[in-house]
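Chemist: Below is the structure I would like to discuss, written out as C-alpha cells.
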Amino acid sequence: MTIPFLDLAAQDRDVGEEVRAAIAEVLATQAFVLGPHVERFEAAMAAYCGVPHAIGVGSGTDALLLVLGALGVGPGVAVLTTPFSFWATASTIVRLGATPLFADVDPVTFNLDPAAAEAVLATTRERVVGLLPVHLFGRLAPMRPLGALAERRALWLVEDAAQAIGARADGVKAGAFGRAACLSFYPTKNLGALGDGGMVLTGDAALAARVRQERHQGHSATPYVHASLGLCSRLDAVQAAALGAKLPHLDAWNGRRRAVAERYARLFAETGLAGRADAPLVLPEPAGEAHVFHQYVVRARDRDALQAHLAAGGIGAQVYYRMPLHLQPPLATLGFRRGDFPEAERAAAEVLALPIYPQLDGRAVEAVVEAVAAFYR
C-alpha cells in the first residue's frame, strides 16, 4: 500500500471547487497585487487569530525579516531562539546583521526550554533584545513562562508560528501571545497556499504600519516617493483568494489531524512499540488544542534504517531536522560546537515524521503502524 507523506491532491478533491471559484473572482477583477482580495483575507485572518492586524507578505521567511527588522534587529544585538527549527528562524537574524543566541530545547516537546533560555540570558555578554520561540511541529511553545521571562528581562517576544496556525491555549491562538507573530502559507502547511506566502500578525499598530510600508518597497503616501528602502514582499491576490477559501475548513482539518495522531498513539501502544521504557518509539505527548500536528514526529530507535524500510514499502517519512541550527555550515563563524545543545542534537539524531494530513484514513494509519512494527520485529 503506497502512502505518501503528504497528499495535496486529496485536499484538492475536498476544496478544489471552492478554491477555483475564488481564483475566478480574482481573474474577473484583474486585481492581482494587494487590493480587495488581499484585504479581505487579512481581515479574516486577523479575526481568526484574535489580533488587530494581519499583513500578508511573500513568505514566512519574509515575515520574519520584516518583523525583526521593524523591531530594530541588526548589528550589535542578539535574538534568543531555538537551535532545533527550520533554517529561516536563525538565518533571518544573521541576514539582518544580528547574532542568533541559542538555548536548548525541552526533550519532550522539542520546543524552546524556558529554563535553558533563562540560564543563557543570565550568562551571555550579548545585548539581547528579544525572544523568538518556535511552535514546532504544530505544538505551542510554553508561552506563559517565556512571556514572563521576556517581561522580567524587558525583551520583546515574537512567535515563529509558521507550523502552528490554529493551535490555541487558554483561549489564545498561536500568533496572539507576543508582540508579533509570523506565519507561513507554504503549500505543505496546515493552511497552505498554491505557492509561497506568509503573514505578520500583531496588536501593535505602529509595528503593523511599518511592516505594511516595508513589504511594499518602503512606499509613502505619495506615489513613487519612498520612506524607506523596503522590500517587494506582497501576498498576491491569487494566493489570498485560495487561502480565504480554505480558511473556513482549517479548524476541522486540525481536528482531523489530532484524530489521526490519537489513532497512531493507540495503535503504537497496542503493538508495544511505545509506552514502555524499552519501547523503540517515543510518541508526542497529547496537548489538546495546543497541538495541531503540522507533523507527527516520533523519536525512533534506528531512525535512518526505519525511514529506509518505510520508503521501500511505499510509505513516506521525513526527518525534521537532521542538523540543528548551531551546527549548520553557514553559522560556523559563530563558534558553536557539537555538544553545546545536547537535547537539540539528540532530537536531530532520533526524530522521524510519519504521514499525517486530514484526509489520511484509518486503513492507511494501520498500514503505517504495521510497517513500523514489521521493521522492529
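Bear in mind these aren't lab numbers, they're just calculated from the coordinates by the rules spelled out. Being a predicted model, the structure only gives us computed values, none of them experimental. Methodologically, a virtual Cβ is constructed for each residue, glycine included, from the backbone with ideal geometry; neighbour enumeration extends over all protein chains shown.
Chemist: Rank-order 3-12, 136-145 by packing density, defined as the average count of other C-beta atoms within 10 Å over each peptide's residues, highest first.
Modeler: 136-145, 3-12
Chemist: Which whole-Hz ³J(HN,Hα) couplings does the stretch 6-12 yield from phi under the Karplus relation 6.51 cos²θ - 1.76 cosθ + 1.60, θ = phi - 60°, glycine and proline marked x?
Modeler: Karplus values, whole Hz, x for Gly and Pro: 8, 10, 6, 5, 5, 5, 4.
Chemist: Cut-off is 10 Å between beta-carbons; in what order do 45, 199, 1, 323 appear when sorted fewest neighbours first?
Modeler: Fewest to most other Cβ atoms nearby, the residues stand as 1, 323, 45, 199.
Chemist: Here's another thing I want to ask about it. Which one of 122, 23, 284 is farthest out on the positive end of the charge dipole of the chain, using unit charges on Cβ (Lys, Arg +1; Asp, Glu -1) and the Cα centre as origin?
Modeler: It is 122.
Chemist: Here is a further query. Which whole-angstrom value gives the distance between the alpha carbon centres of the stretch 1-45 and the stretch 73-95?
Modeler: Result: 31 Å between the Cα centres.
Chemist: For the stretch 99-106, take each phi angle, set θ = phi - 60°, evaluate the Karplus expression 6.51 cos²θ - 1.76 cosθ + 1.60, and give the result in whole Hz per residue in order, putting x for glycine and proline.
Modeler: 10, x, 10, 9, 10, 6, 9, 6
Chemist: Further, regarding this structure: Helix-only mean residue ellipticity at 222 nm, the chain, DSSP H runs n ≥ 4 weighted -39,500 (n - 2.57), per residue, nearest 500. What is it?
Modeler: My calculation for the chain gives -12500 deg cm²/dmol from helical runs alone.
Chemist: Near the amide H of residue 167, under 5 Å away, which other amide H atoms are found, from residues 5 or more places off or on another chain, if H is placed in the peptide plane?
Modeler: Those lying under 5 Å, H to H, from residue 167 are 174.
Chemist: Can you compute the charge dipole magnitude of the chain about its Cα centre, using +1 on each Lys and Arg Cβ and -1 on each Asp and Glu Cβ, nothing else charged? Give it in debye, rounded to the nearest 20. Walk me through the numbers before you get to the answer.
Modeler: On the way: 34 positive and 37 negative charges, 89 e Å.
With only Lys, Arg, Asp and Glu charged at Cβ, the dipole is about 420 debye.
Chemist: By the gyration tensor of its Cα atoms, with a ≥ b ≥ c the square roots of the eigenvalues, what is the shape of the stretch 87-128: rounded for a/c under 1.5, prolate for a/b over b/c, or oblate? Intermediate values should be presented prior to the final figure.
Modeler: On the way: a/c = 4.26, a/b = 1.27, b/c = 3.35.
Note, shape of the stretch 87-128 comes out oblate.
Chemist: A further question on this structure: For the stretch 152-294, build the charge dipole from Cβ charges (+1 Lys, Arg; -1 Asp, Glu) around the Cα centre, then report which of 232, 265, 195 sits farthest towards its positive end.
Modeler: After comparing all options, I get 232.
Chemist: Treat the count of other C-beta atoms within 10 Å as a stand-in for reagent exposure and order 13, 257 from fewest to most.
Modeler: 13, 257
Chemist: Taking the DSSP beta bridges in the chain as the whole, what percent of them are antiparallel, to the nearest 5?
Modeler: Here the share of antiparallel DSSP bridges comes out near 60 percent.
Chemist: For the chain, I need the span (max minus min coordinate) of the C-alpha atoms along each principal axis, in Å, sorted largest to smallest.
Modeler: Taking max minus min along each principal axis of the Cα atoms, the chain gives 70, 56, 37 Å.
Chemist: Just name one of 274, 315, 358: the one whose Cα is farthest towards the positive end of the charge dipole of the stretch 250-376 (beta-carbon charges, Lys/Arg +1, Asp/Glu -1).
Modeler: The listed residue farthest towards the positive side: 315.
Chemist: Take 81, 2, 99 and order them by how many other Cβ atoms sit within 10 Å, fewest up front.
Modeler: So the ranking, lowest neighbour count to highest, is 2, 99, 81.
Chemist: Right, another one. Could you order peptides 160-171, 359-370 by the average number of other Cβ atoms within 10 Å of their residues, highest first?
Modeler: Final packing ranking: 160-171, 359-370.
Chemist: Once Rh for the stretch 168-288 is found with the Kirkwood sum over Cα pairs, what is the Stokes-Einstein diffusion coefficient at 4 °C and 1.567 mPa s, in µm²/s?
Modeler: The estimated diffusion coefficient comes to 73 µm²/s.
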